[in-house]
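Undergrad: Sharing a structure here in structure tokens format.
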Amino acid sequence: MSVFSFHARLSDHPIALYMSGCIFLLLSAFLLLEHVIVVQQVASLQLPVLADIPVLQQQARILEDQIRVAEMQSFLLGNAEEELVRMYVIPNQADYHRILGFFSVLEQWIQEHSSMKDTVSLHIGEPHDIPVPLSDGSTEILSVHPLTVTIETSQEMVDDISHLIQLAGFLSVGDILREKELLKLLIMTEEENPSGIVTMEHFFGADLLEYSQNPHSFEEQIRRSFVSEALLATFAHMLKTSLEPIHLLLAGRAGQLLESSDMWPSRLFVMQSIASRMLPNERIRLHMKLEAYSRS
Amino acid sequence: MVQPFREVFRRMAVPFFLFFLVLTTLLFLSWIFLLPILTRTEVHGESKNIRDLITYRKELQADVSRVRRNRNQLVLPGQDPLYNVLKQEKHKKVSFSSLRREILRTALSHSSVVKDAVRISFIQYDAARDMLTLEGSVFAGASSTTVLAEFIDALQALPWIYVIEQPDFLRQKNEHGEIFSPFSLDISLHVSVLRETFPVL
């Protein structure tokens, strides 16, 4: 069959040819659009993606180096904090004497500070168990010990008392800071001086009581390790807002009493509610509902 | 007239079909062979097109996040998972003293006309339900209810206050003959703004 006869036979079905032509028209439009999309992606994304890749690779290298250094540090320091948490902060038994001990220290402190009229009354409720889902996917059973505390004191003691209760159970400087603040400082460390991670780790891991007694030696290490103004400004802001009230509290009589009565580290209390009612003669009644915990 | 038009229509059919057949074939071949060659980039000796590059970047980002999580676990204190859960629970509660100070400051700023007009006698921060309860009285004579309404508006304007349940606006007289408006306010707090505004301690 020659080309001419094929052409002639094809011409006999014009409608079929137009329909097939339309299908090819649509297919070519789709393919053309694909070309446009790919060219547009290359023009708009290739450069930013190519710029991101070496930065990400460098970040991964820095983080792996920091992990090696931190592992070495952890190996040298051991798991002292975990042991303290298991012994004092969330113990295996109810350990009521440490709860009572903490509130006797509180009473002694406010009486020394304010007047002998100040009173602290504590009621420990019936414990109950709750399952707590953990980050590793497992669940641990926790015994919850509800506490009701009523304190009558002078107005100026309210801030210090609420600070001390909120502080109870925190061990190190890093415990006080919110995750967002910690991560911000770590990311800045990565950007400015990756090897400074050891100093930062040392600072976050510093015992709160030790830090409060001599904050400058800890803070000076950070100031010596970094030069970035942004990092040092964030650090100074964090000291002012989060750590200054603790330094004022623990460097004073409250810290001395906790240390001398062996109540540091103290039990962890989570505040459920706190109420202050004004009384005559500039006095105040604080009523708190707290929870202490032990492992079941 | 109809006959030549039909003839034109018939004669145009084959070129129409062939044109789009050839165009589609060429575009298809370009899509399969030409486009990938023109848009490939070499990264560490490996030739990648834009889609491979985007996937590679996503993998790298995931890698960095994973390594960062591992680093954070090592560097941040408290590796006991139960302790971490309870610490986060503590971090959800804000400083009562800062909260109280802010409430008293707002009350004081509404006592400018009559000294000590807004007197707050009870403040409760229900940290478990993120609620605040205030009780007190406004001592501003006949305008006590107006000052109370202004005080509520001022509280509502604070970014960390979500909703204030409207109280009853009453005017009463005490034993000294002073006119006052007692109030009890139940306030729902804007949790995320509250945590941004106030420290843990």
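Undergrad: When you go through B:ARG100, B:ARG119, B:ARG129 one by one, which is the residue that is over 23 Å from the mean Cα position of the chain (by Cα) and not in a helix (DSSP H, G or I)?
TA: B:ARG119
Undergrad: So for segment A:246-257 (the condition being in a helix (DSSP H, G or I), more than 25 Å from the chain's Cα centre (by Cα), within 14 Å of A:LEU164 (Cα to Cα) and polar (S, T, N, Q)), does at least one residue qualify?
TA: yes
Undergrad: Report, by residue number, each residue of segment B:75-124 that is more than 23 Å from A:ILE161 (Cα to Cα), touching a helix residue (DSSP H, G or I) at 6+ places or on another chain (Cβ under 9 Å) and surrounded by fewer than 17 Cβ atoms within 10 Å (Cβ to Cβ).
TA: Passing the criteria: B:GLN79, B:SER109, B:VAL113, B:VAL114, B:ASP116.
Undergrad: Please list, ordered by residue number, the helices (runs of 4 or more DSSP H) wholly in segment A:115-212 having 2 or more residues that are basic (Lys, Arg) and farther than 20 Å from B:LEU86 by Cβ.
TA: Here the list is empty.
Undergrad: I'd like the residue in segment B:187-201 that is over 15 Å from B:ASP126 (Cα atoms) and among the hydroxyl-bearing types (Ser, Thr, Tyr) and, out of all such residues, is surrounded by the most Cβ atoms within 10 Å (Cβ to Cβ).
TA: Checking each candidate, the answer is B:THR197.
Undergrad: If you don't mind, another one. Taking segment A:209-224 as the search range and keeping residues that are out of contact with any Phe, Trp or Tyr (no Cβ under 6 Å at 6 or more places or on another chain) and within 14 Å of chain B (Cβ to nearest Cβ), which one is farthest from A:LEU167 (Cα to Cα)?
TA: A:GLU210
Undergrad: Say we look at segment A:89-108 and pick out the residues that are within 13 Å of A:MET263 (Cα to Cα) and small (Gly, Ala, Ser); which of these is farthest from the other protein chains (Cβ to nearest Cβ)?
TA: In this case the residue turns out to be A:SER104.
Undergrad: Restricting attention to segment A:47-63, which residues are of a type outside the set (A, V, I, L, M, F, W, C) and touching a helix residue (DSSP H, G or I) at 6+ places or on another chain (Cβ under 6 Å)?
TA: A:ASP52, A:GLN59
Undergrad: While we're on this one: If B:HIS91 meets every condition in (1) over 24 Å from the mean Cα position of the chain (by Cα); (2) closer than 29 Å to A:ILE130 by Cβ; (3) outside the structural domain of B:VAL163 (by TED's automatic domain parsing); (4) touching a residue at least 12 places away in the same chain (Cβ under 8 Å) apart from one, which number is that one?
TA: That leaves (1) as the condition not met.
Undergrad: So which residues in segment A:100-155 are closer than 20 Å to A:ARG295 by Cβ, of a type in the set (Gly, Ala, Ser) and surrounded by 13 or more Cβ atoms within 10 Å (Cβ to Cβ)?
TA: A:GLY101, A:SER143
Undergrad: Then there's this: Do you know which of the residues in segment B:145-186 that are in contact with a Leu (Cβ under 8 Å, 6 or more places away or on another chain) and closer than 30 Å to A:HIS237 by Cα is surrounded by the most Cβ atoms within 10 Å (Cβ to Cβ)?
TA: If we take residues in segment B:145-186 being in contact with a Leu (Cβ under 8 Å, 6 or more places away or on another chain) and closer than 30 Å to A:HIS237 by Cα, then B:ILE161 is surrounded by the most Cβ atoms within 10 Å (Cβ to Cβ).
Undergrad: A further question follows. Report yes if some residue within segment A:170-186 is touching a strand residue (DSSP E or B) at 6+ places or on another chain (Cβ under 9 Å) and not hydrophobic (A, V, I, L, M, F, W, C); otherwise report no.
TA: The answer is yes; a qualifying residue exists.
Undergrad: Does segment A:21-28 include one or more residues that are in a helix (DSSP H, G or I), surrounded by 13 or more Cβ atoms within 10 Å (Cβ to Cβ) and either at pLDDT below 90 or not hydrophobic (A, V, I, L, M, F, W, C) (or both)?
TA: Scanning segment A:21-28, I find at least one residue that is in a helix (DSSP H, G or I), surrounded by 13 or more Cβ atoms within 10 Å (Cβ to Cβ) and either at pLDDT below 90 or not hydrophobic (A, V, I, L, M, F, W, C) (or both), so the answer is yes.
Undergrad: Across segment B:39-81, what is the number of residues that are more than 7 Å from chain A (Cβ to nearest Cβ) and under 28 Å from the mean Cα position of the chain (by Cα)?
TA: Counting residues in segment B:39-81 that are more than 7 Å from chain A (Cβ to nearest Cβ) and under 28 Å from the mean Cα position of the chain (by Cα) gives 7.
Rundown of residues vs (1) out of contact with any strand residue (DSSP E or B) (no Cβ under 9 Å at 6 or more places or on another chain); (2) at pLDDT 90 or above; (3) exposed (fewer than 15 other Cβ atoms within 10 Å of the Cβ); (4) within 7 Å of another protein chain (Cβ to nearest Cβ), yes/no style:
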site	(1), (2), (3), (4)
A:ARG9	yes, no, yes, no
A:ALA16	yes, no, yes, no
A:LEU31	yes, yes, no, yes
A:GLN46	no, no, no, yes
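Undergrad: Could you tell me whether segment B:168-177 includes any residue that is modelled with pLDDT of 90 or more and within 30 Å of B:VAL94 (Cα to Cα)?
TA: No.
Undergrad: Check off (1) farther than 27 Å from B:ILE120 by Cα; (2) surrounded by fewer than 20 Cβ atoms within 10 Å (Cβ to Cβ); (3) within 11 Å of chain B (Cβ to nearest Cβ); (4) hydrophobic (A, V, I, L, M, F, W, C) for A:ALA292 and give me the number that stays unchecked.
TA: Condition (2) is where A:ALA292 drops out.
Undergrad: Can I ask one more? State yes or no: is B:TYR162 outside any loop (DSSP other than H, G, I, E, B), among the aromatic types (Phe, Trp, Tyr), modelled with pLDDT of 90 or more and touching a Phe, Trp or Tyr at 6+ places or on another chain (Cβ under 6 Å)? Break it down stepwise before answering.
TA: Working: outside any loop (DSSP other than H, G, I, E, B): yes; among the aromatic types (Phe, Trp, Tyr): yes; modelled with pLDDT of 90 or more: yes; touching a Phe, Trp or Tyr at 6+ places or on another chain (Cβ under 6 Å): no.
The answer is no for B:TYR162.
Undergrad: Can you find even one residue in segment B:150-158 that is facing chain A (nearest Cβ under 9 Å) and modelled with pLDDT of 90 or more?
TA: No - not one qualifying residue is present in segment B:150-158.
Conditions (1) closer than 18 Å to A:LEU106 by Cα; (2) of a type in the set (A, V, I, L, M, F, W, C); (3) buried (at least 18 other Cβ atoms within 10 Å of the Cβ), marked per residue:
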{"residue": "A:LYS184", "(1), (2), (3)": "no, no, no"}
{"residue": "A:ALA236", "(1), (2), (3)": "no, yes, no"}
{"residue": "A:ARG253", "(1), (2), (3)": "yes, no, no"}
{"residue": "A:MET271", "(1), (2), (3)": "yes, yes, yes"}
{"residue": "A:LEU279", "(1), (2), (3)": "no, yes, no"}
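Undergrad: All but one of (1) within 22 Å of B:LEU170 (Cα to Cα); (2) in contact (Cβ under 8 Å) with a residue 12 or more places away in the chain; (3) basic (Lys, Arg) hold for B:LYS115, so report the exception by its number.
TA: In the conditions (1) within 22 Å of B:LEU170 (Cα to Cα); (2) in contact (Cβ under 8 Å) with a residue 12 or more places away in the chain; (3) basic (Lys, Arg), B:LYS115 misses (2) alone.
Undergrad: Let me ask another. Of all residues in segment A:162-187, how many are of a type in the set (A, V, I, L, M, F, W, C) and more than 17 Å from A:PRO265 (Cα to Cα)?
TA: 6
Undergrad: Taking segment B:86-134 as the search range and keeping residues that are under 30 Å from A:SER294 (Cα atoms) and among the small types (Gly, Ala, Ser), which one is farthest from the other protein chains (Cβ to nearest Cβ)?
TA: Result: B:SER98.
The values are calculated or read from the model by the stated rules, or taken from the named source; none is laboratory data. What you are looking at is a predicted structure, and each value in this text was computed from that prediction instead of being measured. Glycine gets a Cβ as well: all are built from the backbone with ideal geometry, and neighbour counts include every protein chain shown.
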